[in-house]
Number of protein chains: 2
Amino acid sequence: MTGRTVFFVSDQTGVTAETMGHSLMTQFDGLQFRAVTLPFVSTIDKAEEAVRRINAAALESGLRPVIFGTLVQDELRDVIKGSNALFLDFFEAFVGPLERELGTASSHSAGRAHGISDTVGYAARIDATNYALANDDGSNRDYGRADVILVGVSRSGKTPTCLYLAMQYGVFAANYPLTDDDLESTRLPPGLQPFKNKLFGLRIAPARLQQIRQERRPNSRYASPQQVQFETRAAEAIFQRNGVSTLDTTECSIEEISVRILEATGVERRIRP
Amino acid sequence: MTGRTVFFVSDQTGVTAETMGHSLMTQFDGLQFRAVTLPFVSTIDKAEEAVRRINAAALESGLRPVIFGTLVQDELRDVIKGSNALFLDFFEAFVGPLERELGTASSHSAGRAHGISDTVGYAARIDATNYALANDDGSNRDYGRADVILVGVSRSGKTPTCLYLAMQYGVFAANYPLTDDDLESTRLPPGLQPFKNKLFGLRIAPARLQQIRQERRPNSRYASPQQVQFETRAAEAIFQRNGVSTLDTTECSIEEISVRILEATGVERRIRP
């Protein structure tokens, strides 16, 4: 027995179907399921091929698959409806009520959500990503252009957060790792002083930080309880003394850290949904 | 008049609500709307505050707002329902049919979709992101661990694609920029030869590449039609001569490039929805 299969079927990349399906399936804890994404289902032929795969999964497991769909075109949706599965299509559920409310027909055209057609938003993402890469880990220091500068000890989540802020929201995020010298002085590093209003501190519980560092450099001074205690306390002192807003990242995903930073700082995203 | 406001209301980051709402609103071309995300609406107080903002937007514009919601808890959803708006809630629409199909009640617990609870997936994303950063632009060259190595000329989309593959799918993607020396020889760069089966080429139309480079370094040799023509032709020759699979990225978003690479190469994602 292979368990129930969940299909994500899209005429585009499948990212929206996956996001929506994943959110829903996490509400059903104990269930094991197999996830299959079928992207670019944009022709009748491909839809029929998808139906064959869905029906084969139903036969193999003896359980009807669940399909999360984001199919814009009625003809393709109609083909998928012929499969032996529970089919939840997101466009079908919501386009009707939206058309009535907005008093206009939808275009029913595929490929808009993640197209390159929004060139301004696209350029903002690329520019912000390049900025994050160039201003990572205290390098470059083109802080004049930063929307926010993340400060914290090594492995507190600065780099992935900067990249997520760039790719998802077009926000220019730099990051500065507190060095041993910085931490011993308890003063704000001189390079950061002119940009005090852009700083945002990432905190992390010592036990969690030690675990992360231990995986990375087992039994090093870097991963030792003493060093981790010293660094987290000294960082906290720097944040407090200088009135730097902070977030405890211990229990947060990168998405959550990013959105909480936008909320706390009031930094405006350059890309809006 | 400010136009209609679209709200994304979530007990978590709002990423799912934004993804779903954005997909739908792109089906209504001509309409201008203002987007407002209200994340972390996780208490009755916050839900009531959201209702006040939604109603204020309705009054101000004279148009009922549209709300895309991902509220897991019925009590919070009930509060939002009291607002003067079209409320499309994604959990409300789909949880019922899923419960019936799966024969089990959902947990109705917030904060699962983007939580850190999936620690294996979380570690895979961070590891893959660190790998992409370390193996960007021909540096490091720890190609033995790569799932895929993207090859192309400067500004063909290699770096953002590697980062997206890492953050979204936990895939280890390195990238190698073809240098002038590489391009003049038409042979596969020696450092890539042992990893021929991992290579994937990104192509781009010369006109588009010239435009991108011109924005970056106006009137440089780098952005000249001659240089761009030479590089794109030489890269194409290297790909063809060495049987490297390729994708034309000219009209593709980073999401689409990433998913097409997974499709074409058969590389398995480490993170599944």
Taking Cα pairs under 8 Å and at least six residues apart, what relative contact order does region B:4-102 come out at, in percent?
33 percent
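Let's see if you can work this out: charge +1 on each Lys and Arg Cβ, -1 on each Asp and Glu Cβ, no other charges. What is the dipole magnitude of region A:4-102 about its Cα centre, in debye to the nearest 20?
Numbers: 9 positive and 14 negative charges, 81 e Å.
The calculated dipole for region A:4-102 is roughly 400 debye.
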Each label point is 7 Å from the Cα along the Cα-to-Cβ direction; what then is the distance between the points at B:Asn140 and A:Gln226, in nm?
3.1 nm
Go through region B:194-208 residue by residue and turn each phi into a ³J(HN,Hα) via Karplus (6.51, -1.76, 1.60, θ = phi - 60°); whole Hz please, and just put x for glycine and proline.
x, 10, 3, 6, 9, 7, 9, x, 9, 9, 8, 5, x, 4, 5
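So what is the relative contact order for chain B, in percent, with contacts set as C-alpha pairs under 8 Å and at least six apart?
Numbers: 430 pairs, mean separation 40.1, N = 273.
Computed over chain B, the figure is 15 percent.
For B:Leu31 and B:Arg216 in the same chain, what is the full-extension length gain: residue separation times 0.36 nm, less their Cα-Cα distance, in nm? Intermediate results must be reported in sequence, preceding the final value.
Numbers: separation 185, 0.36 × 185 = 66.60 nm, distance 3.25 nm.
Between B:Leu31 and B:Arg216, full extension yields 63.4 nm more.
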Cα centroid separation - region B:65-88 against region A:206-272, whole Å:
34 Å
To the nearest 0.05, the calculated FRET efficiency linking A:Ser107 and A:Glu60 through their beta-carbon distance, R0 being 60 Å, is 0.95
Mind listing the long-range amide H neighbours of B:Thr5? Cut-off is under 5 Å, sequence gap 5 or more, other chains count too, H placed in the peptide plane at 1.01 Å from N.
B:Arg34, B:Val66
From the label point of B:Val120, set 7 Å from Cα along Cα→Cβ, how far away are the matching label points in the other copies, in nm, ordered shortest to longest?
4.4
If you take the square roots of the eigenvalues of the alpha-carbon gyration tensor of region B:199-269 and sort them as a ≥ b ≥ c, do you get rounded (a/c under 1.5), prolate (a/b over b/c) or oblate?
oblate
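Might you report the magnitude of the Cβ-based charge dipole of chain B about its Cα centre, with Lys and Arg at +1 and Asp and Glu at -1, to the nearest 20 debye? Write out the running numbers ahead of the final one.
Values: 30 positive and 33 negative charges, 149 e Å.
That gives a dipole near 720 debye.
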Which of A:Glu101, B:Glu231, A:Glu255, B:Glu60 has the fewest other C-beta atoms within 10 Å, and how do the rest follow up to the most?
B:Glu60, A:Glu101, A:Glu255, B:Glu231
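With +1 on the Cβ of every Lys and Arg and -1 on the Cβ of every Asp and Glu, and nothing else charged, how large is the dipole of the protein assembly as shown about its Cα centre, in debye rounded to the nearest 20? Can you show the working numbers first?
Numbers: 60 positive and 66 negative charges, 220 e Å.
For the protein assembly as shown, the charge dipole is close to 1060 debye.
Based on the Cβ-Cβ distance from A:Asp180 to B:Lys81, what FRET efficiency comes out when R0 is 60 Å, to the nearest 0.05?
Calculated value: 0.65.
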To test your reading of the geometry: what angle, between 0 and 90 degrees and rounded to tens, separates the Cα axis of helix A:119-134 from the longest principal axis of chain A?
40 degrees
Using amide H atoms built 1.01 Å from N in the peptide plane, name the residues 5+ places from B:Ser154, or on other chains, whose amide H lies under 5 Å from its own.
B:Leu178
Apply the Karplus curve 6.51 cos²θ - 1.76 cosθ + 1.60, θ = phi - 60°, to the phi angles in region A:89-96 and return the couplings in whole Hz, x for Gly and Pro.
9, 5, 5, 4, 5, 10, 5, x
With a cut-off of at most 16 other beta carbons within 10 Å, and DSSP calling the residue loop, which chymotrypsin sites (Phe, Trp or Tyr not before Pro) in region B:32-78 qualify? Please list them.
none
Can you give me the pair-distance distribution of chain A, C-alpha pairs, 10 Å bins, whole percents?
6, 22, 23, 20, 17, 9, 2
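Rounded, prolate or oblate: which fits region B:153-273 when a ≥ b ≥ c are the square roots of the eigenvalues of the alpha-carbon gyration tensor, with rounded for a/c under 1.5 and prolate only if a/b beats b/c? Each step should come with its number before you reach the end.
On the way: a/c = 2.19, a/b = 1.36, b/c = 1.61.
Oblate shape, in that a/c is at least 1.5 and b/c is the bigger or equal ratio.
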Counting other beta carbons within 10 Å of each residue's own, what order do B:Ser23, B:Ser185 fall into, fewest first?
B:Ser185, B:Ser23
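Grab the DSSP H runs of chain A that are 4 residues or longer, score each as -39,500 (n - 2.57), total them, divide by all residues and round the 222 nm result to the nearest 500 deg cm²/dmol. The partial results should precede the final answer.
Numbers: 10 runs with 124 residues, N = 273.
That calculation yields -14000 deg cm²/dmol at 222 nm.
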Enumerate the calculated ³J(HN,Hα) couplings along region A:146-151 in order (Karplus 6.51 cos²θ - 1.76 cosθ + 1.60, θ = phi - 60°), each rounded to whole Hz, writing x wherever the residue is Gly or Pro.
5, 7, 8, 10, 7, 10
Within the set A:Lys198/B:Lys46; A:Lys81/B:Lys81; A:Lys46/B:Lys198; B:Lys46/B:Lys81; A:Lys46/B:Lys196, which residue pairs have Cα atoms separated by over 19 Å?
A:Lys198/B:Lys46; A:Lys81/B:Lys81; A:Lys46/B:Lys198; A:Lys46/B:Lys196
Please list the non-local residues whose amide H lies under 5 Å from the amide H of B:Asp89, H modeled 1.01 Å from N, same-chain partners needing a gap of 5 or more.
B:Gly69
Place the label 7 angstrom along Cα→C-beta at B:Thr186 and in each other copy, then list the distances from the first to the rest in nm, shortest first.
6.9
If each label sits 7 angstrom from Cα along the C-beta direction, how far apart, in nm, is B:Ser154 from its counterparts in the other copies?
3.1
Classify the protein assembly as shown as rounded, prolate or oblate from the Cα gyration tensor: take a ≥ b ≥ c as the square roots of its eigenvalues, call it rounded if a/c is under 1.5, otherwise prolate when a/b beats b/c and oblate if not.
rounded
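Readers should treat all values here as calculations from the given coordinates under stated rules, not as data from a laboratory. This structure is a prediction, so every number in the text was calculated from the model and none was measured. Neighbour counts are summed over all protein chains in view; Cβ atoms, including those assigned to glycine, are modelled from backbone coordinates with ideal geometry.
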